[in-house]
Amino acid sequence: MKYIDEFQDPGPAARLLDDIRASVTGPWALMEVCGGQTHSIIRHGIDQLLPDEVELIHGPGCPVCVTPLEVIDKALAIASRPEVVFCSFGDMLRVPGTGRDLFQVRSEGGDVRVVYSPLDALRIAGENPDREVVFFGIGFETTAPPNAMTVHQARRRGIRNFSLLVSHVRVPPAIEAIMQSPDCRVQGFLAAGHVCSVMGTREYPELAERFRVPVVVTGFEPLDILEGVRRTVRQLERGEHTVDNAYPRAVRPEGNPAARAMLDDVFEVADRAWRGIGVIPDSGWRLSARYRDHDAEHRFRVGDIATLEPAECRSGEVLQGLLKPHECEAFGTTCTPRTPLGATMVSSEGACAAYYLYRRLDLPAHRESAARPVPVPAPAAVAPADATVTDRKDGSVV
Ligand code: SF4
């Protein structure tokens, strides 16, 4: 398939790995800030192919995983109301809130529907003027523009029974929070290519300079990730810390101005809680005052719901790169994709689910082996029988 096969070619992958091995002295710890990249890294065994001097830390880049438990509980409260049609991408239905999930709300009679676009939810609202239609708007700079555009359309078309439950987050403040943590081990970042295709690269030079870390915009296929690693390692070896775009086929420095304009029109920057991490200042968006009528949290008065995260789940440490999934005591025992204790085990982009899905079940802590496998990206492993993590085909969030 064009734009896929050529970026999974074993020949260039082997050459990139040779280049990395030849230049690295390390040790270096790099963080990928996207769940899609985490999934690709584990699926293709890229972390095992890299030399021991290069460690990949899986950052807080899965949109489902960073959505706080209290937002799930707000969704459950709204979806349980008889007048509501609650619409969501598929992967949010299995994320456990306190005591239940959206699937259970549906089994108890709630009108919970999986949609593939926020515009589907707007269409449902237009066709059902006597119902309240709510769309669950979560995710990063990638999903925020279409959700903003849908609210803009609702207002323009006078569809008053449509509202958005918003939990949108922004990557640069998360990088800042990670770098300010006293436990931070990260020395370089693979920035998420799809986020930068919307926002451009203008937010990163200040971070690279302040924290003296290279930031390399990176794509999602094996060759993209290896090229991102290669460029980051090269900067680290040279003592450099600049912003570099290793994903130019999708990312321009200015990003997508139309999408950014829509974000500026509909949303305003606000403090946001990140699951397992806590509140990060200015790390997300909420609907601006002009669109407050379409704010589900405001409309259904669920703003007071506050929930503590379960103590046994260590996803906060996983999301900050302080713990590898298999180092959690619950991994693969009391916590599996069928019985997830935390969101990082629910979403296919969650680090815990990726480790489980691709059989990273009994690895010792830190680097698994000094032995170097054949430098060819591995095909997808066979999923365990009970691996039921959701997939983008089910309408998951990017
Ligand atoms: S394995 Fe389960 S309990 Fe442990 S951090 Fe991951 S989601 Fe949480």
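The values are calculated or read from the model by the stated rules, or taken from the named source; none is laboratory data. The structure presented is a predicted model; accordingly, all values stated were derived computationally and were not measured. Neighbour counts are summed over all protein chains in view; Cβ atoms, including those assigned to glycine, are modelled from backbone coordinates with ideal geometry. Heavy atoms of the whole protein, side chains included, go into the accessibility calculation; ligands, DNA and RNA do not. Shrake-Rupley method; radii C 1.70, N 1.55, O 1.52, S 1.80 Å.
Does T150 qualify as being buried (at least 20 other Cβ atoms within 10 Å of the Cβ) and in a loop (DSSP other than H, G, I, E, B)? For T150, the condition - buried (at least 20 other Cβ atoms within 10 Å of the Cβ) and in a loop (DSSP other than H, G, I, E, B) - is not met.
Reported count of residues in region 291-318, each being in contact with a Gly (Cβ under 7 Å, 6 or more places away or on another chain) and hydroxyl-bearing (S, T, Y), is 1. Of the residues G90, G99, G59, the single one that is closer than 15 Å to G321 by Cα and small (G, A, S) is G59. Please verify whether region 70-89 includes one or more residues that are among the hydroxyl-bearing types (S, T, Y) and open to solvent by less than 10 Å² (accessible area, probe 1.4 Å). So far as region 70-89 goes, yes, one or more of its residues are among the hydroxyl-bearing types (S, T, Y) and open to solvent by less than 10 Å² (accessible area, probe 1.4 Å). Considering D120, D111, the condition of being touching a Cys at 6+ places or on another chain (Cβ under 9 Å), modelled with pLDDT of 95 or more and open to solvent by 10 Å² or more (accessible area, probe 1.4 Å) is satisfied by D120 alone.
Conditions tested, residue by residue: (1) under 21 Å from the mean Cα position of the chain (by Cα); (2) touching a residue at least 40 places away in the same chain (Cβ under 8 Å); (3) open to solvent by 20 Å² or more (accessible area, probe 1.4 Å); (4) closer than 30 Å to V84 by Cβ.
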{"position": "P172", "(1), (2), (3), (4)": "yes, no, no, no"}
{"position": "R185", "(1), (2), (3), (4)": "yes, yes, yes, no"}
{"position": "G193", "(1), (2), (3), (4)": "yes, yes, no, no"}
{"position": "C196", "(1), (2), (3), (4)": "yes, yes, no, no"}
{"position": "E209", "(1), (2), (3), (4)": "no, no, yes, no"}
{"position": "R234", "(1), (2), (3), (4)": "no, yes, yes, no"}
{"position": "E240", "(1), (2), (3), (4)": "no, no, yes, no"}
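State whether the residues of region 304-314 include one that is more than 14 Å from the ligand (Cβ to nearest atom) and under 22 Å from the mean Cα position of the chain (by Cα).
For region 304-314, residues more than 14 Å from the ligand (Cβ to nearest atom) and under 22 Å from the mean Cα position of the chain (by Cα): present.
Residues in region 252-275 include at least one that is at pLDDT below 85, assigned to a loop (DSSP other than H, G, I, E, B), surrounded by 17 or more Cβ atoms within 10 Å (Cβ to Cβ) and not polar (S, T, N, Q). Among the residues of region 3-54, the ones that are of a type in the set (D, E, K, R) and part of a helix (DSSP H, G or I) come to 8 in all.
Kindly check whether there is at least one residue in region 26-43 that is among the small types (G, A, S) and surrounded by fewer than 18 Cβ atoms within 10 Å (Cβ to Cβ). The answer is yes; a qualifying residue exists.
Against the numbered list (1) over 21 Å from A273 (Cβ atoms); (2) touching a Ser or Thr at 6+ places or on another chain (Cβ under 6 Å), H44 comes up short only at (2). If we keep just the residues of region 352-364 that are open to solvent by 10 Å² or more (accessible area, probe 1.4 Å) and in a helix (DSSP H, G or I), which is farthest from the ligand (Cβ to nearest atom)? The qualifying residue farthest from the ligand (Cβ to nearest atom) is L357.
Being out of contact with any Phe, Trp or Tyr (no Cβ under 9 Å at 6 or more places or on another chain), closer than 16 Å to L190 by Cα and either touching a residue at least 24 places away in the same chain (Cβ under 8 Å) or hydrophobic (A, V, I, L, M, F, W, C) (or both): is that true of C34 here? When the stated conditions are applied, C34 does not pass them.
Residue by residue, here is whether (1) in a helix (DSSP H, G or I); (2) not charged (D, E, K, R) holds:
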position	(1), (2)
L56	no, yes
V64	yes, yes
L76	yes, yes
P82	no, yes
R94	no, no
G109	no, yes
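Could you list all residues from region 319-343 that are assigned to a loop (DSSP other than H, G, I, E, B), open to solvent by less than 20 Å² (accessible area, probe 1.4 Å), within 8 Å of the ligand (Cβ to nearest atom) and touching a residue at least 60 places away in the same chain (Cβ under 8 Å)? Selection gives G342 alone.
Take the conditions (1) surrounded by fewer than 20 Cβ atoms within 10 Å (Cβ to Cβ); (2) in contact (Cβ under 8 Å) with a residue 40 or more places away in the chain; (3) in contact with a Ser or Thr (Cβ under 9 Å, 6 or more places away or on another chain); R202 misses just one of them, which is (3).
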